[in-house]
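For reference, the structure discussed in these notes is given below.
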Amino acid sequence: MSQTMDQSTLNVLNSFYDYLLKGEVSPVLHGFASQPEINTPLQGSISGREDFGRYFQQTSNWLHEHQARIGLLATYQSADLMVAEFVLYLYLRGEHADLPVALSADLKSGKMSQLRMYHSNWPLTGTHLQRALSFTSTPNEVPPAVAAFFDCLKQGDSTGASNLFLPEGYLREPSGAKFKHTGNDAVKRYLGAALAQGGVQTQITRVLQDQSHISVEYVIQSQGGTAIKDQSALAVFELGPNGDAFAAVRIYDDFSTPAI
């Protein structure tokens, strides 16, 4: 995989929404190894140049209709995976709203082979959508702090999960900045409500660690022992200076009971 190709593909991912606003599909198509393939919460799986081009134009029109502005939070990469975090600032139902979005791209020969999009539908319509499983995979090794967090979710242990955060750490829900919980007590209250129906069983499918940031794609499978239709999700864990506690956790999903 060439370093030049990596940088070019990284630029495509970073500029994905800029290209959408400009209606410039060609640079995005060039970022794929072969035929474009994307999986989104609203449209599901889209593949092939014709369908991707149609999706691209419709999404471009929608962004302009809602006066979109784009904020790129950060990008992370490994040899076979790239993840970018965005905030879309939109005008919805007569008021301004923010929509956190994460993009995750598998890489093949330095270019994207599949692009996955994660966000909540709640800021858009006030409802949740059940998202079909986009893929399955066996992940790389899960860092200890992240493994402990998911184990606490499984056990329904809001205290244990909140203790994994730094005192000033925060957890941001998928619905945006209004749903940000800062400090151990606030995180514990949120997780206590989120886990009130029982522990959440998940399957981790992708892990990317880029220095102090860890991106985890996973599938929510059950809560409180009750199976649910598989729900795809992504979370970014930002480690503190000692690498054993979270400065931040940002979640991208559309789980409705409330979100994890």
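Name the residues in the stretch 24-40 that are surrounded by fewer than 21 Cβ atoms within 10 Å (Cβ to Cβ), of a type outside the set (Val, Ile, Thr) and touching a strand residue (DSSP E or B) at 6+ places or on another chain (Cβ under 7 Å), would you?
Within the stretch 24-40, ALA33, GLN35, GLU37 meet the criteria.
Can you tell me which residue within the stretch 204-260, out of those that are within 25 Å of ALA79 (Cα to Cα), among the acidic types (Asp, Glu) and over 12 Å from the mean Cα position of the chain (by Cα), is surrounded by the fewest Cβ atoms within 10 Å (Cβ to Cβ)?
The extreme case among them is ASP244.
Within the stretch 202-248, how many residues are aliphatic (A, V, I, L, M) and either in the same structural domain as GLU85 (by TED's automatic domain parsing) or under 19 Å from ARG116 (Cβ atoms) (or both)?
Of the residues in the stretch 202-248, 11 are aliphatic (A, V, I, L, M) and either in the same structural domain as GLU85 (by TED's automatic domain parsing) or under 19 Å from ARG116 (Cβ atoms) (or both).
Suppose we filter GLY192, GLY110, GLY198, GLY183 for residues that are outside the structural domain of ALA247 (by TED's automatic domain parsing), more than 22 Å from LEU88 (Cα to Cα) and either crowded, with 16+ Cβ neighbours inside 10 Å or over 20 Å from the mean Cα position of the chain (by Cα) (or both); which single one remains?
It is GLY110.
Let's see how each residue does on (1) of a type in the set (A, V, I, L, M, F, W, C); (2) modelled with pLDDT under 95; (3) farther than 22 Å from ALA248 by Cβ:
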{"residue": "ASP18", "(1), (2), (3)": "no, no, yes"}
{"residue": "THR59", "(1), (2), (3)": "no, no, yes"}
{"residue": "THR75", "(1), (2), (3)": "no, no, no"}
{"residue": "ASP80", "(1), (2), (3)": "no, yes, yes"}
{"residue": "ALA84", "(1), (2), (3)": "yes, no, no"}
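Residues GLY126, GLY199: which one is without any contact (Cβ under 8 Å) to a residue 40 or more places away in the chain, out of contact with any Phe, Trp or Tyr (no Cβ under 7 Å at 6 or more places or on another chain) and not β-branched (Val, Ile, Thr)?
Of GLY126, GLY199, the one residue that is without any contact (Cβ under 8 Å) to a residue 40 or more places away in the chain, out of contact with any Phe, Trp or Tyr (no Cβ under 7 Å at 6 or more places or on another chain) and not β-branched (Val, Ile, Thr) is GLY126.
Go through the stretch 29-83 and give me each residue that's outside any strand (DSSP E or B), of a type in the set (Gly, Ala, Ser) and out of contact with any Gly (no Cβ under 9 Å at 6 or more places or on another chain).
GLY31, SER34, GLY48, GLY53, ALA68, SER78, ALA79
Can you tell me which condition GLY160 does not meet? The list is (1) free of Cβ contacts under 8 Å to residues at least 60 places away in the same chain; (2) within 26 Å of TYR89 (Cα to Cα), and all the others hold.
Result: GLY160 passes all but (2).
The values are calculated or read from the model by the stated rules, or taken from the named source; none is laboratory data. Bear in mind the structure is a predicted one, so any value in this text is a computation, not a measurement. So basically every Cβ, Gly included, is an ideal-geometry build from the backbone, and we count neighbours across all protein chains shown.
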